[in-house]
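Colleague: This is the structure, below, for whatever I ask next.
The values are calculated or read from the model by the stated rules, or taken from the named source; none is laboratory data. These numbers come from a predicted model, not from an experiment. We place every Cβ from the backbone using ideal geometry, glycine too, and count neighbours over all the protein chains shown.
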Amino acid sequence: MNIRTTIRQRVLSVLGVGIWTLATLFGLFMLPSCSDPAAVSSGNQPEFLTPGWTQQANIYEVNVRQYTEEGTFQAFAEHLPRLDAMGVDILWFMPIHPIGELNRKGTLGSYYSIQDYYAINPEFGTEEDFRALVQEAHRLGMAVIIDLVANHTSWDHVWTESNPEYFKTDENGSFYPPVADWSDVIQLDFDNPELWEAMIDMMEYWVREFDIDGYRADVAYMVPTEFWAMARRNLDEIKPVFMLAEAEEPELHQAGFDMTYAWNYAHIIREAGAGRAGVEEIHAAVTEQIARFGENDYRMFFTTNHDENSWQGSDDQLYGANFENFAVLSATVWGMPLIYSGQETGLNKQLAFFDKDLIEWDDYEYESFYKNLLHLKKTNKSLHNGSTGGSLERLETSPSDNIYSYIRSNGDHQVWVILNFSDTTQNVTFSSMPVGNWSLVLGDETASPAAQITLDANSYLVFQSSQE
């Protein structure tokens, strides 16, 4: 039995369909693959290799609509040199496809209500504009991934006419949304193996034709795990890709995803910003991340993203005077840091999700701050991603309330972070001076490493030690 027959059998066994139904449903359908997808369901570690260039990488989320007055790829492209200078490695574009009009929310609609997976949103530009943007990003050394909304589409997606069998229907034969509040989208039917073929064909298209470097999978946990494994194998036959799942299930890392969201951590720091959690809860959230996932599983740490900003609050609303503390924490404690569009200029408002709401670019007050953080991540091996990074050790302090200090270590490479979340100046004492050839990276320029350090209210110090 050849490998393609095995794949076809596997899809249908996942869906509970017999082998004799296979020929009827698939015909001559053959998906290229490099290994047997049964490895995922059996619990064996599949041989998905995260691209080596991601070991030092960070990620930046691009909201094209709100980035410039024009809201186009061409206008955004003018920011590429600035983002390159800031040290950005991966550009994640929110959905770039046309937005549905039927049951649309707001004037422009949700980016995640997609009308045609193969088309470019005309508000953003043309196919050639996007292709040129990807090429320029690559020339500058940045990777490009795009949002993939595989679980649902708009009510007027082209498939509702050409392939209505791709969608779930109710007892009346009508399409319906996956969640009541998501009234502008309808649920796709992953019980239909033909949908798997169509979806993977589409994913291959953007990698092959536009040379994108991977996908961020929206609500990845709502789509069968085996589908993602099959898709990843096919994409890697074209080029090694990077896959980010909007999910926090460890098993997705065995299904072809390189990175998942640190959602629980994000929830805890939001609670801490509101005064409903403290450093003990923060440390517990971090260590839970480390214990629950494998050493090669990348985790995305963030202070905000498009959901958090639009629905939870601006950076100032969520974190107040401790915003920089939480940004330092998210960039150094574990995983890969995310920066959302506009954070480098002080994103002090909630961006509208369904309407035009321009980011107010002014003095880029946090650009050098982020540049220093991203440079530290690249140059100090203790902050690298996955198993190439360093261990985490919490340091005991006096006082301990509202003070969080830790060291990341990878051989001779170390980073020492001290965070004062309180609203008053604190004289922080350590039981012993951490060993290292320390130099200041971020914080009060007059500070020096010692067993007793004074921190201003809502402030931080970051030291590093390296033999290189």
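Colleague: Report yes if N305 is under 24 Å from A220 (Cα atoms), more than 13 Å from the chain's Cα centre (by Cα) and either without any contact (Cβ under 8 Å) to a residue 60 or more places away in the chain or in the same structural domain as M202 (by TED's automatic domain parsing) (or both), otherwise no. Working first, answer last.
Modeller: Details: under 24 Å from A220 (Cα atoms): yes; more than 13 Å from the chain's Cα centre (by Cα): no; either without any contact (Cβ under 8 Å) to a residue 60 or more places away in the chain or in the same structural domain as M202 (by TED's automatic domain parsing) (or both): yes.
Considered against the rule, which asks whether it is under 24 Å from A220 (Cα atoms), more than 13 Å from the chain's Cα centre (by Cα) and either without any contact (Cβ under 8 Å) to a residue 60 or more places away in the chain or in the same structural domain as M202 (by TED's automatic domain parsing) (or both), N305 comes out as no.
Colleague: Quick check: is even one residue across the stretch 423-437 touching a strand residue (DSSP E or B) at 6+ places or on another chain (Cβ under 8 Å) and either charged (D, E, K, R) or closer than 20 Å to A331 by Cα (or both)?
Modeller: So far as the stretch 423-437 goes, no, none of its residues is touching a strand residue (DSSP E or B) at 6+ places or on another chain (Cβ under 8 Å) and either charged (D, E, K, R) or closer than 20 Å to A331 by Cα (or both).
Colleague: Which ones in the stretch 115-125 are under 14 Å from F76 (Cβ atoms) and more than 23 Å from the chain's Cα centre (by Cα)? First the steps, then the outcome.
Modeller: Step one: list which residues in the stretch 115-125 are under 14 Å from F76 (Cβ atoms), which gives 120-121, 123-125.
Correct list: E123, G125.
Colleague: Can you confirm whether E324 is assigned by TED's automatic domain parsing to the domain that holds D362 and either in contact with a strand residue (DSSP E or B) (Cβ under 7 Å, 6 or more places away or on another chain) or not in a helix (DSSP H, G or I) (or both)? I'd like the intermediate steps shown before the answer.
Modeller: Details: assigned by TED's automatic domain parsing to the domain that holds D362: yes; either in contact with a strand residue (DSSP E or B) (Cβ under 7 Å, 6 or more places away or on another chain) or not in a helix (DSSP H, G or I) (or both): yes.
Yes; evaluated as a whole, the condition is true for this residue.
Colleague: Out of the stretch 105-126, which residues are of a type in the set (D, E) and under 21 Å from A352 (Cβ atoms)?
Modeller: First, pick out the residues of the stretch 105-126 that are of a type in the set (D, E): 116, 123.
Residue satisfying the conditions is E123 alone.
Colleague: If I ask for residues that are touching a Gly at 6+ places or on another chain (Cβ under 9 Å) and surrounded by fewer than 20 Cβ atoms within 10 Å (Cβ to Cβ), which ones from the stretch 76-94 would you list?
Modeller: Correct list: D84 only.
Colleague: Say we look at the stretch 48-73 and pick out the residues that are among the small types (G, A, S) and surrounded by fewer than 20 Cβ atoms within 10 Å (Cβ to Cβ); which of these is farthest from M300 (Cα to Cα)?
Modeller: Of all residues in the stretch 48-73, those among the small types (G, A, S) come to 52, 57, 71.
So of that shortlist, the ones also surrounded by fewer than 20 Cβ atoms within 10 Å (Cβ to Cβ) come out as 52, 71.
Values: G52: 17, G71: 27 Å.
Of everything passing the filter in the stretch 48-73, G71 is farthest from M300 (Cα to Cα).
Colleague: Looking at the stretch 40-53, is at least one residue assigned to a helix (DSSP H, G or I), within 27 Å of T260 (Cα to Cα) and either at pLDDT 70 or above or over 27 Å from the mean Cα position of the chain (by Cα) (or both)? Can you show your working first?
Modeller: Kept after step one, since they are assigned to a helix (DSSP H, G or I), are these residues of the stretch 40-53: 40-41, 52-53.
Now narrow it down to the ones that are within 27 Å of T260 (Cα to Cα): 40-41, 52-53.
Add one more test, that the residue is either at pLDDT 70 or above or over 27 Å from the mean Cα position of the chain (by Cα) (or both), and what stays is 52-53.
So far as the stretch 40-53 goes, yes, one or more of its residues are assigned to a helix (DSSP H, G or I), within 27 Å of T260 (Cα to Cα) and either at pLDDT 70 or above or over 27 Å from the mean Cα position of the chain (by Cα) (or both).
Every residue, every condition in (1) acidic (D, E); (2) in contact (Cβ under 8 Å) with a residue 12 or more places away in the chain, yes or no:
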site: S368; (1), (2): no, no
site: K371; (1), (2): no, yes
site: S400; (1), (2): no, yes
site: I403; (1), (2): no, yes
site: R408; (1), (2): no, yes
site: D423; (1), (2): yes, yes
site: S432; (1), (2): no, yes
site: N458; (1), (2): no, yes
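Colleague: Surrounded by 19 or more Cβ atoms within 10 Å (Cβ to Cβ), within 19 Å of R104 (Cβ to Cβ) and at pLDDT 95 or above: does that describe D184? It would help to see each step written out before you state the result.
Modeller: Values: surrounded by 19 or more Cβ atoms within 10 Å (Cβ to Cβ): yes; within 19 Å of R104 (Cβ to Cβ): yes; at pLDDT 95 or above: yes.
When the stated conditions are applied, D184 passes them.
Colleague: How many residues are in a helix (DSSP H, G or I) and either among the aromatic types (F, W, Y) or at pLDDT below 95 (or both) if we restrict to the stretch 224-250? It would help to see each step written out before you state the result.
Modeller: Initially, the stretch 224-250 is screened for residues in a helix (DSSP H, G or I), giving 225-238, 250.
The next check asks that each one be either among the aromatic types (F, W, Y) or at pLDDT below 95 (or both); those that pass are 227-228.
Final tally of qualifying residues: 2.
Colleague: Tell me which residues, restricted to the stretch 417-467, are of a type in the set (F, W, Y) and either outside any strand (DSSP E or B) or under 32 Å from the mean Cα position of the chain (by Cα) (or both). First the steps, then the outcome.
Modeller: Filtering the stretch 417-467 down to residues of a type in the set (F, W, Y) leaves 421, 430, 438, 460, 463.
Matches in the stretch 417-467: F421, W438, Y460, F463.
Colleague: Out of the residues in the stretch 382-416 that are among the polar types (S, T, N, Q) and assigned to a loop (DSSP other than H, G, I, E, B), which is surrounded by the most Cβ atoms within 10 Å (Cβ to Cβ)? If you could, list the steps in order and put the result at the bottom.
Modeller: Filtering the stretch 382-416 down to residues among the polar types (S, T, N, Q) leaves 382, 385, 387-388, 391, 397-398, 400, 402, 405, 409-410, 414.
So of that shortlist, the ones also assigned to a loop (DSSP other than H, G, I, E, B) come out as 385, 400, 402.
Numbers: N385: 24, S400: 13, N402: 19.
Within the stretch 382-416, the match that is surrounded by the most Cβ atoms within 10 Å (Cβ to Cβ) is N385.
Colleague: Scan the stretch 308-328 and tell me whether some residue there is under 19 Å from W92 (Cβ atoms), among the hydroxyl-bearing types (S, T, Y) and crowded, with 21+ Cβ neighbours inside 10 Å.
Modeller: Checking the stretch 308-328: not a single residue is under 19 Å from W92 (Cβ atoms), among the hydroxyl-bearing types (S, T, Y) and crowded, with 21+ Cβ neighbours inside 10 Å.
Colleague: Just to check your reading of the model, which residue among I290, I269 is assigned by TED's automatic domain parsing to the domain that holds F190, in a helix (DSSP H, G or I), more than 24 Å from Y111 (Cβ to Cβ) and modelled with pLDDT under 95?
Modeller: On the way: I269 fails: modelled with pLDDT under 95.
I290 is the lone residue from the list that is assigned by TED's automatic domain parsing to the domain that holds F190, in a helix (DSSP H, G or I), more than 24 Å from Y111 (Cβ to Cβ) and modelled with pLDDT under 95.
Colleague: How do the helices (runs of 4 or more DSSP H) wholly within the stretch 60-114 filter down when requiring 2 or more residues that are touching a residue at least 60 places away in the same chain (Cβ under 8 Å): which remain? Spell out how you get there, then give the answer.
Modeller: On the way: elements: 64-67, 73-77, 80-86.
The qualifying helices (runs of 4 or more DSSP H) are 64-67, 80-86.
Colleague: Just one of (1) touching a helix residue (DSSP H, G or I) at 6+ places or on another chain (Cβ under 9 Å); (2) more than 27 Å from L358 (Cβ to Cβ); (3) buried (at least 17 other Cβ atoms within 10 Å of the Cβ) trips up R270, so point out which.
Modeller: (2) is the only condition that R270 fails.
Colleague: I'd like to know if the stretch 330-340 contains one or more residues that are surrounded by fewer than 22 Cβ atoms within 10 Å (Cβ to Cβ) and either part of a loop (DSSP other than H, G, I, E, B) or of a type in the set (S, T, N, Q) (or both).
Modeller: no
Colleague: Within the stretch 354-364, is there a residue that is of a type in the set (S, T, Y), closer than 30 Å to T54 by Cα, outside the structural domain of D444 (by TED's automatic domain parsing) and exposed (fewer than 13 other Cβ atoms within 10 Å of the Cβ)?
Modeller: no
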